[in-house]
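Readers should treat all values here as calculations from the given coordinates under stated rules, not as data from a laboratory. Treat the numbers as computed from the prediction; the structure is a model and nothing was measured. As a convention, Cβ positions derive from the backbone with ideal geometry for all residues, glycine included, and neighbour counts pool all protein chains shown.
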Amino acid sequence: MGRMDAPLLRQVVLDCTDARELAEFYRRLLNLTYRPGDEPPPEGEPDAQGQDWLVLRNPSGPQVAFQQVDELPRPTWPDGRHPQMLHLDLTVPTAGELLAQHERALSLGAELLHDNFEDPDEPLRVYADPAGHPFCIFVAPPPAN
């Protein structure tokens, strides 16, 4: 086997104080699926896996993983004492789709942090997920393969 030019990005890991809640938010927002064994337990059963590490599979890109931590200051982006350490960029092909995904994100528990929908060059909105991690949804063409 030959040498690689660069390592592959396997997953993005988000620290959080409630791994199951955040995994469920992104599972629903991005239509991802749990790695086998990481699914939520039946109603009323203990969720040992949800208290540690969960992985969501993404057939078209990197996985998203959630690591449980005891405490984590909520990012205060764009101002404040606790900046974001990273954020996720999500894209849609049209402004109409951005409007639809805006409503969907809010209904799943996202909080709107910044609205730049009217920008003719790059309509976008910045949200916080339930743990406070910022993420963007903006209009962009699909990536070229």
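When DSSP assigns beta bridges and you keep just the ones with both residues in the chain, what percent turn out antiparallel, to the nearest 5?
Of the beta bridges lying entirely in the chain, close to 60 percent run antiparallel.
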**Asked** Which values of log₁₀ I(q)/I(0), to two decimal places, follow from the Debye formula for the chain at q = 0.11, 0.13 Å⁻¹ with a uniform point scatterer at every Cα?
**Response** -0.48, -0.66
**Item:** Virtual spin-label span in nm between Glu103 and Ala144, 7 Å along Cα→Cβ
**Value:** 3.5 nm
**Message:** Amide H of Val92 versus every other amide H placed in the peptide plane: which residues, excluding those fewer than 5 positions away on the same chain, fall under 5 Å?
**Reply:** Phe138, Val139, Ala140
**Prompt:** Most mobile of Gly80, Gly44, Gly96 per a Gaussian network model of the chain (Cα springs, under 10 Å)?
**Reply:** Gly44
**Request:** Using +1 at the Cβ of each Lys and Arg and -1 at the Cβ of each Asp and Glu in the range 1-113, identify which of Pro78, Leu98, Gly44 lies farthest towards the dipole's positive end.
**Result:** Leu98
**Request:** List Glu103, Glu43 from most exposed to least, where exposure is judged by having the fewest other Cβ atoms within 10 Å.
**Result:** Glu43, Glu103
**Length-normalised contact order of the chain in % [C-alpha pairs under 8 Å, at least 6 apart]** = 23 percent
**Complete:** Any residue on another chain or 5+ positions along whose placed amide H is under 5 Å from the amide H of Gln11 is listed here as Gln63
